[in-house]
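Peer 1: Dropping the structure in here first, questions after.
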Amino acid sequence: MTLAHLPVLVVVVPLIAAPVTLLLRRPGAAWGIAAAACAFSFAAALLLAAEVAARGPVSYQIGSWPPPWGIEYRLDVLNAFVLVLVSGVAAVVAPYAWRSVAAELPRDQVYLFYTMYCLCVAGLLGMAATGDAFNLFVFMEIASLSSYVLIALGRDRRALLAAYQYLILGTIGATFYVIGVGLLYLMTGTLNLADMAARLPGLQTTRPVLAALAFITVGVSLKLALFPLHLWLPNAYTHAPSAVTALLAATATKVQVYVLLRFYFSVFGLQLVTETLPMPEILLALSLIAILSASLVALWQADLKRLFAYSSVAQIGYITLGISMATKEGLTAAVVHLFNHGITKAALFLLVGGIALRAGRAGFDRLRGLGHSMPLTSIGIVIAGLSLIGVPGTAGFISKWYLVLGAIETGRWWLAGFVVVTSLIAVAYVWRFVEAAYLSAPGKRTPAPGESPPVMLVPAWLAVAACVYFGFDTSFTVGTARRAAALMLGEGP
Amino acid sequence: MMAVTVLAIAVQRNLFSVVVLAGIYSFLMATVLVALDAVDVAMTEASVGAGISTVLLLGALYLCGGEEAKPLARPWLPLAVAAVITGALVYGTLGLPAFSDPSAPIHVHVVPRYLNEALRETGVQNVVTAVLASYRGYDTLGETIVVFTAGAGVIALLRRLRRRGNGEPR
Amino acid sequence: MNVALEAVSWALVWSGSAFCVIGALGLMRLRGFYPRTHAASVIDSAGAGLMLAGLMLQSGWTLVSAKLAIIGLLIFFTSPTATHALANAALARGLSPDPAGEDTPSKR
Amino acid sequence: MSVAGHFASHYSYWITFVLMVAGLYIVIARGNLMKKLIGLSIFQTSVYLLYIAPGKLIGGTAPIVAPAFKVYSNPLPHVLILTAIVVGVATLALGLAIAVRIREAYGSIEEDEILAADRDGGERV
Amino acid sequence: MRRFLVLRVVGKLLIPFMLLFALYVQFHGDFGPGGGFQAGVIGAAVIVFYALIFGLPAARRLVPDAVVESMVGLGVLLYAGVGVAGLVFGGNYLDYFVLGADPVSGQHRGIFWVEAGVAITVSGVMLKIFYMFAGRRRALEDQ
Amino acid sequence: MFAAAALALLAALGLALARAIGGPTVFDRALAANSIGTLALLMLAVIGFLTGRPEFLDLAILYGLLNVVGTVAVLKFFRFGDLGDPGEAEGGG
């Protein structure tokens, strides 16, 4: 019985966990429930991914109403992959949050933190799993509202401002998305994504559809922090509690990328996106600017969290770069990078959170000589940083590799060169950490020797290990991504 | 009926006593919605906009102080952004089916089943309720969760904290 | 429905709406806050009352009528209360009842 | 179709735009955090019209099934917009809560003052 | 608010009526406009009205914070629980067909409970938010 | 017919709205808001009859109720500033 209902249980279990945590009002119990729910979701997502891989897309009719009338959960290779990423990161971050949150939040707020955490995870999972455009909006709002709160819970008063800005921009983004969906609905009369896709041919060059494409692109881009619309992200990531930063950086923007992919390739169709409008060119240009400018800005940041936040903007640029190629290699690169960057950033922010716990915050002045006082944390950051750069043997290398392949395949050698060169900027900013941590004498603000508590270190190192593991064993990531790319390009599963 | 909306827009251009005007705006919007046959929506809009939002805004206004916003320094950028968006929308909607066109896709595709079968399938006369609670019940679950999120969020943000003092920066 | 009843009902609805317009005009034209409260009460009592009565005659002896009656009672009770409270608050906030002092919007 | 005819048949959309642009303008242009939120809710309100107006059929009636009526307006947009309204009020409430906290932390809800306060604050403790 | 004697009297008259109306909206949602959300908002508005007239502390005595806070969670649980019940009885999630003897009565039952859940959560949340906003200055002064 | 009544109400609404926008003091606005609530309520009733579905009077009742709540909230705000203030209430209220 349970197996057949897994698609919905993945989402509903964290959803139900949220009010339970609120009702219990005990930090410990709340943590336990949240962690258990996330772990359950992760297991369910893995099972689902296996099932989808073996048997093709799974459809689940909520309320037993057939799809165009009711809401359908529709899982194919792509969403199952995203589900695994989101729930996996959530399951890793949840145990980590135990100490981190206890240190950063007042005690009577802690259980609410877990309520929000569950809601955020459930919202993101719901976005990934659903096959209905409006349902996607609802879950988008669940995820965003809870993430506003999570960000605002940060210790610094700037966290409030960051959350406020995010709220304004995020709501505008969501509203744009709704406008886009509304236009689509007016043209097709349906909200089911698959049904929409089936009814769009013939309407493809009508103006509402084009406008819908534009609105959805802008709306989702706001949320995924594509270059000119990324302004909320660095502040939000910097000032949010560490566990939140790790969760959001690793999952929230990635799910939005998924939404973009879903609309571009499953609903609008390749032809409309690439041929009628100059979408690839726009995306390409924006991605290049994003990568270059954000990487350069990252170089000058005084705070490690902020540095990695800007690096996130740049890395999202790589993902959209892959999308803009709209070829099999490019899309494979995008999907793989989505996953790899997710785990890499999770690892980085988890480790930085450890530093923040010990040192108060992660400014570079407190990192001096950290290699000696917190050796495990430092080495972890270095490894994950290597993955960020894309050094062979790490997960990051794989995605960069496919990106370069894609560039060469489309005959754009300069693009391949660009990817390599910008990776060098990544080397520079990771080097800043290495320099501070290993080559400088401990300053007076460096924390006393001592690692962060194991309950934080172990999850972080799990993520680091994943970075390395997926750098060698690519059968899961690349295999799934290739199939997802094939699916998106309409070559069958 | 639509003239009311136009007037409502005029309201919105004026930004004094915004809260009271926002309440009026909600009433008018709800009336327009009734004219458009969206009774349930109008009810919700009225109760939310005129009732709850007003009270909330007033409460927040009290906490924030009601001073006026300063006049704008550079209104051109926002205007430009707004103009671009209007352009996109105008462009997009010119191709939409005309108002009240019974052959528009939204009237022929999914909806007939709701209208024709809802009573038989769910035993509920109000089709909006039937769709809301049953056909698209999951959306409504999501909606409830959104409300819940807001509630829990406000609790989390505004709870008096013993350890942190009066919300001072550390 | 017989013609006489119909006619009465129409007359009521029409005069009600006329009162509404008059009240609104007064709301617009009168100078000073306190005079305006009178105009508003024209809308609330005469306009609404007559109109609802007319509609009640239209609908006959049904649930609709009952609802209209409820609305009527509601307005009957609440709007003077609200106006009273409003005037009270205005007075308390130092708004002078003297029409001459009106055009100095000291408090907003 | 003539321009005038087109204008008439898409009247509801035009109103939507005006509301939308006004709302968006308030959000972007105003520095006061509360006003931004109100602008935001107007912006969202405009979307309601975008959805609901096309659902109306002239001669139709509200989608409550009764034997006396044959033509009903489209109920699906109503459902969607109900959800959207709820989302809107939830966002408003949260935004206000954050604004209140900002006010307590910064002593102001004017955006430029807040930014200035942060800039002057320089190094955080 | 001694000066608003009129308001108090009218308020006393009005509040029971408003509560009744909230219940009417809740249960009449199948036939006319209305439903859980609207009923919840009205229900919250009643208490808000009470608080406006008689003061927040009085309202808090009437509906204590703890009750409100548990309402917030319980409503969602009720809704989600209906969904789980669908699972337990062998249907899909939120499947009301299996809840009753025949599909239509199952639907009826499902919709009823779902709307109840919505109403509980909504009124709880709205009330809680109001308490939070209105009571904040007082709480600040108390510290 | 009803349409004429509706038009009259519309005109009244417009006038009241002008007062609400222009009104020099906040009390003027609140007053206008109250009137607009009443007018909108009547409008609803008339529209209900116009479309032949007078069941929607529920909505009008709702307007009436909310109108009071809204107005009282505004008043309380301007009278005391604090929505939760018990004012000069004595026990036994």
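Peer 1: How much length would be gained if the chain were fully extended between A:Ala36 and A:Leu296, taking 0.36 nm per residue of separation minus their Cα-Cα distance, in nm to one decimal?
Peer 2: 89.6 nm
Peer 1: Using a Förster radius of 60 Å, what is the FRET efficiency between A:Ala29 and C:Ser15 based on their Cβ-Cβ separation? Nearest 0.05, please.
Peer 2: Between A:Ala29 and C:Ser15 the formula returns 0.35.
Peer 1: May I pose another question? At a threshold of 8 angstrom on Cα-Cα distance, excluding pairs fewer than six apart, so keeping six or more, what relative contact order does chain E reach in percent?
Peer 2: Over chain E, the number comes to 27 percent.
Peer 1: When the dipole is taken about the Cα centre of chain A, and only Lys, Arg (+1) and Asp, Glu (-1) are charged at their Cβ, what size is it in debye, to the nearest 20?
Peer 2: That gives a dipole near 1100 debye.
Peer 1: Chains F and D: how much accessible area gets covered up at their contact, both sides added, probe 1.4 Å, in Å² to the nearest hundred?
Peer 2: 400 Å²
Peer 1: Through the Karplus equation 6.51 cos²θ - 1.76 cosθ + 1.60, θ set to phi - 60°, convert the phi angles of segment A:401-406 into ³J(HN,Hα) values in whole Hz; use x for Gly and Pro.
Peer 2: Here the 3J(HN,Hα) series is 4, 5, 4, 5, 4, x Hz.
Peer 1: Here's a follow-up. How far apart, in nanometres, would the label points at C:Ala66 and A:Asp473 be if each is projected 7 angstrom from Cα along the Cα-to-Cβ direction?
Peer 2: 7.1 nm
Peer 1: How long is the gain from E:Phe89 to E:Ala66 if the chain were fully straight, where each residue apart is worth 0.36 nm and the alpha carbon distance is subtracted?
Peer 2: Answer, rounded to one decimal: 5.0 nm.
Peer 1: Where only protein heavy atoms count, and the probe is 1.4 Å, what is the accessible area per residue for segment E:5-142 in Å²?
Peer 2: In whole numbers, segment E:5-142 has 33 Å² accessible per residue.
Peer 1: What shape does segment A:281-493 have by the C-alpha gyration tensor, where a ≥ b ≥ c are the square roots of the eigenvalues, rounded means a/c under 1.5, and otherwise prolate means a/b greater than b/c and oblate the rest?
Peer 2: Taking the square roots of the gyration eigenvalues as a ≥ b ≥ c, segment A:281-493 is prolate.
Peer 1: Follow-up question, since we're still on this one. For segment F:2-80, with only Lys/Arg (+1) and Asp/Glu (-1) charged at the beta-carbon, what is the dipole magnitude about the Cα centre, in debye rounded to 20?
Peer 2: The calculated dipole for segment F:2-80 is roughly 260 debye.
Peer 1: With a ≥ b ≥ c the root eigenvalues of the C-alpha gyration tensor of segment A:1-277, is it rounded (a/c under 1.5), prolate (a/b larger than b/c) or oblate?
Peer 2: The shape class here is oblate.
Peer 1: Would you calculate, for chain A, the mean residue ellipticity at 222 nm contributed by helices, counting each DSSP H stretch of 4 or more residues as -39,500 (n - 2.57) and dividing by all residues, to the nearest 500?
Peer 2: About -25000 deg cm²/dmol.
Peer 1: Want the number for A:Arg55 to A:Val421: 0.36 nm per residue separation, take away the alpha-carbon distance, what's left?
Peer 2: 127.6 nm
Peer 1: State which entries of A:Lys345/D:Lys35; A:Lys223/D:Lys35; D:Lys36/E:Lys128; A:Lys305/A:Lys328; D:Lys35/D:Lys56; C:Lys67/D:Lys56 exceed 28 angstrom in Cα-Cα distance in the structure shown.
Peer 2: Going by Cα-Cα distance, A:Lys345/D:Lys35; A:Lys305/A:Lys328; D:Lys35/D:Lys56 fall outside the 28 Å limit.
Peer 1: Now for a different question. With r as the distance between the Cβ atoms of C:Leu25 and A:Leu231 and R0 = 51 Å, compute the FRET efficiency 1/(1 + (r/R0)^6) and round to 0.05.
Peer 2: 0.55
Peer 1: If I take R0 = 35 Å and measure r between the Cβ atoms of A:Leu439 and A:Trp414 in this structure, what FRET efficiency does the formula 1/(1 + (r/R0)^6) give, to the nearest 0.05?
Peer 2: The calculated FRET efficiency here is 0.50.
Peer 1: Against the longest alpha carbon principal axis of chain A, how many degrees, from 0 to 90 and to the nearest 10, is the axis of helix A:454-472 turned?
Peer 2: Once rounded, one gets 50 degrees.
Peer 1: Quick one: 3J(HN,Hα) in Hz for segment A:178-193, Karplus 6.51/-1.76/1.60 with θ = phi - 60°, rounded, Gly and Pro as x.
Peer 2: For segment A:178-193, the Karplus curve yields 5, 4, x, 4, x, 4, 4, 4, 5, 7, 10, x, 9, 10, 6, 4 Hz.
Peer 1: Which whole-angstrom value gives the distance between the alpha carbon centres of segment A:91-167 and segment A:320-379?
Peer 2: Segment A:91-167 and segment A:320-379 have Cα centres separated by 20 Å.
Peer 1: Between rounded, prolate and oblate, where does chain E land on the alpha carbon gyration tensor, with a ≥ b ≥ c its root eigenvalues, rounded for a/c under 1.5, else prolate if a/b exceeds b/c?
Peer 2: oblate
Peer 1: Okay, moving on. Which Cα, out of A:Ala481, A:Pro392, A:Leu331, lies furthest along the positive dipole direction of segment A:281-493 (beta carbon charges, K/R +1, D/E -1)?
Peer 2: A:Pro392
Peer 1: Quick one: if you stick a label point 7 Å off each Cα along the C-beta vector at B:Val84 and E:Arg109, how many nm between them?
Peer 2: Output for this residue pair reads 5.6 nm.
Peer 1: Give the span of segment C:3-91's Cα atoms along each principal axis, as three whole-Å numbers ordered largest to smallest.
Peer 2: 47, 23, 11
Peer 1: Under 5 Å between amide hydrogens, which residues at least 5 positions from D:Asn32 or on another chain qualify, with H placed 1.01 Å from N in the peptide plane?
Peer 2: D:Glu111
Peer 1: Enumerate the amide H contacts of D:Tyr72 below 5 Å, restricted to partners 5 or more residues apart or on another chain; note that Pro and chain-start residues carry no placed amide H.
Peer 2: Here the answer is D:Thr61, since their amide H atoms fall under 5 Å of that of D:Tyr72.
Peer 1: Can you compute the modelled spin-label distance between C:His38 and E:Lys12, with each label point 7 Å from Cα toward Cβ, in nm?
Peer 2: That separation, rounded to one decimal, is 3.3 nm.
Peer 1: Continuing with this model, one more query. Just name one of A:Leu210, A:Val110, A:Met140: the one whose Cα is farthest towards the positive end of the charge dipole of chain A (beta-carbon charges, Lys/Arg +1, Asp/Glu -1).
Peer 2: A:Val110
Peer 1: Can you find, among A:Val149, A:Pro201, A:Ala252, the residue sitting farthest towards the positive end of the charge dipole of chain A, where Lys and Arg contribute +1 and Asp and Glu -1 at Cβ?
Peer 2: Farthest along the dipole direction, towards plus: A:Val149.
Peer 1: Given a 1.4 angstrom probe, what's the average accessible area per residue across segment A:80-160, in square angstrom?
Peer 2: 12 Å²
Peer 1: Helix-derived [θ] at 222 nm for chain E: sum -39500 (n - 2.57) over DSSP H runs of at least 4, divide by residue count, nearest 500?
Peer 2: Rounded to the nearest 500, it is -26500 deg cm²/dmol.
The values are calculated or read from the model by the stated rules, or taken from the named source; none is laboratory data. Just so we're clear, the structure is a prediction, and the values are computed from it rather than from any experiment. Quick reminder, even Gly has a Cβ in these numbers, built from the backbone with ideal geometry, and neighbours come from all protein chains shown. The area values use the complete protein model at the heavy-atom level, side chains included, leaving out ligands, DNA and RNA. Shrake-Rupley method; radii C 1.70, N 1.55, O 1.52, S 1.80 Å.
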